[in-house]
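The block underneath contains the structure these notes are about, expressed in structure tokens.
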Amino acid sequence: MDKLYFLTAGVPLKAGTKGYKRGFEIHDEMGLDGLELEFVHGVRISDKSQEDVKASDKVITAHAPFYVNLNAREEEKVEASVQRIIETANVTNELGGYSITFHAGFYMGNSKEETYAKIREQIKKITDELEKTGNKIWIRPETTGKATQWGDLKEIIKLSKEFEYVLPCVDFSHLHARYNGSHNTYDEFAQMLELIGKELGDVAINNFHAHLAGIDYSSKGEKRHLNLEESDMNYKDLLKAMKDFQVKGALVCESPNIESDCLLLKQYYATLLA
Ligand SMILES: [Zn+2]
């Protein structure tokens, strides 16, 4: 990617029920760069919406269904999860998308090592299948907001090293919540970006996919998303660090007010470049 793009998580609220076409017009009016397709309740998008997405010049990412657990005890649930991720990757690729993300799974009482091995095996199935069909979209496990969910930054970096088209989706708000308030200073953001660059190389910094929102949390981790100004999420220092590390790619705003915080982020970032 040539710069950092600011995306809304789904169609802007102001579009109401008018769909993607109106959503992209709002992006143009506000100066925003694209959106993440929210397949959270299933990989469904109407033919009309598909046409609108294909016709747009926006940056497109996708979020796979929440109902994914690559470490489920029942083999049929694991297989269904694999299929949901493949389906998300295929539909998004057909629509000209850049990257897809998903919550890979839960530890289910297993050790970190056992969980890693099981998830790795499933990611191999997914990437083998995508390779067969020539689909080279980025496949991204997301950093998660609770200690019961697989996916701290180190685990996702380790997995990314093993597969050509796997990179992290760094949800900075999830990490801030997962560790009950840390991961929220310039130095901590810089350390994370430095680690990603060191372990995965420039390709990861130049093809970033991040999530950001205000967030409420407890010692158990993530509770709910908030608007940025109602939360303690230190987005200003995060954007400073992203600028200093020359991060390029897609930053998806997941605040409840969607496009308002997305604009807030883009405008603050612009002041750093000025
Ligand atoms: Zn997510």
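The values are calculated or read from the model by the stated rules, or taken from the named source; none is laboratory data. Here the structure is a predicted model, which is why all the values come from computation and not from measurement. Don't worry about glycine lacking a Cβ; one is built from the backbone with ideal geometry, like all the others, and counts go over all protein chains shown. Each accessible area value is taken on the protein alone, full model and side chains, heavy atoms only, with ligands, DNA and RNA left out. Shrake-Rupley method; radii C 1.70, N 1.55, O 1.52, S 1.80 Å.
Quick one: what are the phi-derived ³J(HN,Hα) couplings along the stretch 128-143, Karplus 6.51/-1.76/1.60 with θ = phi - 60°, whole Hz, x for glycine and proline?
Here the 3J(HN,Hα) series is 4, 5, 5, 5, 4, 9, x, 8, 10, 5, 5, 10, 10, x, 9, 5 Hz.
Rounded if a/c is under 1.5, else prolate if a/b beats b/c, else oblate: with a ≥ b ≥ c from the C-alpha gyration tensor eigenvalues square-rooted, which is the stretch 1-134? Let's see the in-between values first.
Working: a/c = 2.22, a/b = 2.11, b/c = 1.05.
It is prolate, given that a/c is not under 1.5 and a/b is the larger ratio.
With a 1.4 Å probe and all protein chains kept in place, how much accessible area does R22 have, in Å² rounded to the nearest 10?
60 Å²
Can you give the local net charge around G19? Use residues other than it whose beta-carbon is closer than 10 angstrom to its beta-carbon, Lys and Arg +1, Asp and Glu -1. Kindly include the intermediate steps, with their values, before the conclusion.
Numbers: positive: K18, K21, R22, K48; negative: D52.
Counting the neighbours of G19, the net charge comes to +3.
Largest first and in whole Å, what are the equivalent-ellipsoid semi-axes of the stretch 99-215 based on the Cα gyration tensor, each being the root of 5 times an eigenvalue?
Details: eigenvalues 103, 64, 28 Å².
Three semi-axes, in Å: 23, 18, 12.
Consider all pairwise Cα distances in the stretch 1-41 and report the whole-number % of them above 13 Å. Show your work: numbers first, answer last.
Working: 416 of 820 pairs.
The calculated P(r) of the stretch 1-41 puts 51 percent of pairs beyond 13 Å.
Taking the radius of gyration and the Kirkwood hydrodynamic radius from Cα positions alone, what is the Rg/Rh ratio for the chain, to two decimal places? Please list the in-between numbers first.
On the way: Rg = 17.5 Å, Rh = 18.6 Å.
When Rh is taken as the Kirkwood radius, the ratio is 0.94.
Considering only the chain, what is the antiparallel percent among its DSSP beta bridges, to the nearest 5?
Numbers: 6 of 35 bridges.
Looking only at bridges with both residues in the chain, the antiparallel portion is about 15 percent.
Counting helices only, and only those DSSP H runs with n ≥ 4, report the 222 nm mean residue ellipticity of the chain as the sum of -39,500 (n - 2.57) divided by its residues, in deg cm²/dmol to the nearest 500.
Numbers: 10 runs with 124 residues, N = 274.
So the helix-based figure for the chain works out to -14000 deg cm²/dmol.
Given a 10 angstrom Cα cut-off, can you work out which residue in K236, K132, K161 is the most mobile in a GNM of the chain?
K132
Which lysines have a Cα lying under 22 Å from the Cα of K198, excluding residues fewer than 8 positions away in the same chain?
Those lysines meeting the cut-off are K3, K154, K158, K161, K240, K243, K248.
Can you list residues whose amide H is under 5 Å from E36's amide H, if they're 5+ apart or on another chain and H is modeled 1.01 Å from N?
T8, A9, G10, T61
Among DSSP bridges having both ends in the stretch 58-188, what percentage is antiparallel? Round to the nearest 5. Spell out each step's value before the answer.
Details: 1 of 10 bridges.
Of those bridges, close to 10 percent are antiparallel.
Please identify, among L37, L238, L195, the residue showing maximal mean-square fluctuation in a Gaussian network model of the chain using a 10 angstrom Cα cutoff.
Highest fluctuation among the options: L195.
If amide H atoms are built 1.01 Å from N in the plane of the peptide, which residues on other chains or at least 5 residues away come under 5 Å of the amide H of I215?
Distant-sequence amide H within range of I215: L226, D232, M233.
How large is the Kirkwood hydrodynamic radius of the stretch 35-84, counting all unique pairs of alpha carbons, in Å? Intermediate results must be reported in sequence, preceding the final value.
On the way: mean 1/r = 0.0813 Å⁻¹.
Answer for the stretch 35-84: a Kirkwood hydrodynamic radius of 12.3 Å.
Explain nothing, just compute: Karplus ³J(HN,Hα) = 6.51 cos²θ - 1.76 cosθ + 1.60, θ = phi - 60°, for every residue of the stretch 75-81 in order, whole Hz, x for Gly and Pro.
4, 5, 6, 5, 4, 5, 5
Skipping prolines and chain starts, which residues have an amide H placed within reach, meaning under 5 Å, of the one on N207, given they are 5 or more residues away or on another chain?
Long-range HN contacts for N207: K248.
Report the Cα-based extents of the stretch 212-274 along its three principal axes, largest first, to the nearest Å.
37, 23, 19
What is the spread of the Cα atoms of the stretch 141-271 along each of their three principal axes, largest first, in whole Å?
38, 36, 24
Could you give the nm distance between label points at K136 and K161, where each point is 7 Å from its Cα heading toward the beta carbon?
For K136 paired with K161, the spin-label model returns 2.5 nm.
Can you give the extra length, in nm with one decimal, that the chain gains between M108 and T148 once fully stretched, where that is 0.36 nm per residue apart less the Cα-Cα distance? Mind dumping the intermediate values first?
Details: separation 40, 0.36 × 40 = 14.40 nm, distance 0.76 nm.
Length gained, M108 through T148: 13.6 nm.
Which percent of the accessible area of the chain is formed by carbon and sulfur heavy atoms (probe 1.4 angstrom)?
Details: 5880 of 12030 Å².
Carbon plus sulfur share of accessible area: 49 percent.
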